[in-house]
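A quick write-up on the structure given underneath.
The values are calculated or read from the model by the stated rules, or taken from the named source; none is laboratory data. Keep in mind that what you see is a predicted model, and the values were worked out from it rather than measured. In this analysis, Cβ positions are derived from the backbone assuming ideal geometry, glycine residues included, and neighbour counts consider all displayed protein chains.
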Amino acid sequence: MGSNYWAAPAIFLIDTLFSIYIFAVLLRLLFQFSGADHQNPLSQLLIRITHTPLRLIRRVVPSMGRVDTAALVLMLVLQMLSTTLIFLLQGAAPSPAAVAVWGIAQLLELVLNLYFYAILIRTLLSWVGPMPYNPAVSLLYSLTEPVLSASRRLLPPTGGIDLSPIVPLIGLQLAKMLLLPPLQQWAMLLN
């Protein structure tokens with residue numbers, strides 16, 4: 001059993017733990033930005049688990065308007081640390097610039113995937129009649145409503161069938177196809 005035997009589980013563990021925490025910080029940021037109920041039990045959980053590092057970063061990095069720049073900095077630093085550790089375990093030594101660009105690409109992909117699946121889940125829930133008082137459903141609606149309401153303004157009325165998810169779902173997939181490959185190639189060139 002060589003070092004490769006331990007590398008794969010270590011990479012899995014690093015990627016999983018960092019991804020879960022980055023996802024929690026991202027959700028907190030997006031819920032804050034979309035005006036979701038901060039008294040919601042799930043919002044309270046996110047606030048509790050992300051409060052300490054964000055409080056420390058806010059001492060140095062102030063917010064800019066409605067954007068919690070401390071959360072952005074925390075996500076980027078965590079993503080860069082995760083990427084660096086994974087590359088090192090794979091035997092590569094990436095440059096800091098490559099790690100920064102790769103981290104931005106991964107965070108952008110996470111945001112695009114989050115909105116894609118959130119809109120898809122909301123659409124499926126609308127077909128089966130969700131429980132309106134479920135805390136998760138409430139946050140899902142708060143997160144997706146700004147995107148879907150903008151889409152409703154673009155589409156003509158269809159007489160009872162809500163086609164508003166189609167535009168953002170197509171747009172999110174196009175954004176993934178158009179934005180991520182150039183960032184990933186740029187990261188490889190910087191390495």
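Across segment 139-191, the qualifying residues are those that are under 22 Å from the mean Cα position of the chain (by Cα) and polar (S, T, N, Q), and the one among them that is surrounded by the fewest Cβ atoms within 10 Å (Cβ to Cβ) is SER149. When PHE23, PHE33 are checked against the criterion of being at pLDDT below 90, under 20 Å from THR69 (Cα atoms) and assigned to a helix (DSSP H, G or I), PHE33 stands alone in meeting it.
Taken over segment 151-190, the residue count meeting the criterion of being closer than 29 Å to ASP37 by Cβ, among the aliphatic types (A, V, I, L, M), part of a helix (DSSP H, G or I) and at pLDDT below 90 is 1.
Filter segment 26-42 for residues that are under 25 Å from GLY103 (Cα atoms), in contact with a Ser or Thr (Cβ under 7 Å, 6 or more places away or on another chain) and not hydrophobic (A, V, I, L, M, F, W, C); which is surrounded by the most Cβ atoms within 10 Å (Cβ to Cβ)? Out of the qualifying residues, it is ARG28. In this structure, is PHE18 in a helix (DSSP H, G or I) and at pLDDT 95 or above? So PHE18 fits the description; yes. Considering only residues that are surrounded by fewer than 18 Cβ atoms within 10 Å (Cβ to Cβ) and closer than 19 Å to LEU26 by Cβ, which ones fall in segment 79-88? Hit for segment 79-88 is LEU81, nothing else.
Checking TYR115, TYR141 one by one, the residue that is modelled with pLDDT of 95 or more and assigned to a helix (DSSP H, G or I) is TYR115 and no other. Going by what's in this entry, would MET131 be described as without any contact (Cβ under 8 Å) to a residue 60 or more places away in the chain, more than 23 Å from MET177 (Cβ to Cβ) and assigned to a loop (DSSP other than H, G, I, E, B)? Considered against the rule, which asks whether it is without any contact (Cβ under 8 Å) to a residue 60 or more places away in the chain, more than 23 Å from MET177 (Cβ to Cβ) and assigned to a loop (DSSP other than H, G, I, E, B), MET131 comes out as yes.
Filtered by the rule that a residue be small (Gly, Ala, Ser) and within 14 Å of the chain's Cα centre (by Cα), segment 2-33 gives SER19, ALA24. With respect to the conditions (1) in contact with a Ser or Thr (Cβ under 9 Å, 6 or more places away or on another chain); (2) at pLDDT below 90; (3) assigned to a helix (DSSP H, G or I), ARG122 falls short on a single one, namely (2).
Matching residues to (1) over 17 Å from LEU30 (Cβ atoms); (2) surrounded by 12 or more Cβ atoms within 10 Å (Cβ to Cβ); (3) touching a Lys or Arg at 6+ places or on another chain (Cβ under 9 Å):
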site: GLN90; (1), (2), (3): yes, yes, no
site: PRO96; (1), (2), (3): yes, no, no
site: ALA100; (1), (2), (3): yes, yes, no
site: GLU109; (1), (2), (3): no, yes, yes
site: ILE121; (1), (2), (3): no, yes, no
site: TRP127; (1), (2), (3): yes, no, no
site: MET131; (1), (2), (3): yes, no, no
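The set of residues from segment 43-62 being in a helix (DSSP H, G or I) and either among the small types (Gly, Ala, Ser) or surrounded by fewer than 14 Cβ atoms within 10 Å (Cβ to Cβ) (or both) comprises SER43, GLN44, ARG48, HIS51, THR52, ARG55, LEU56.
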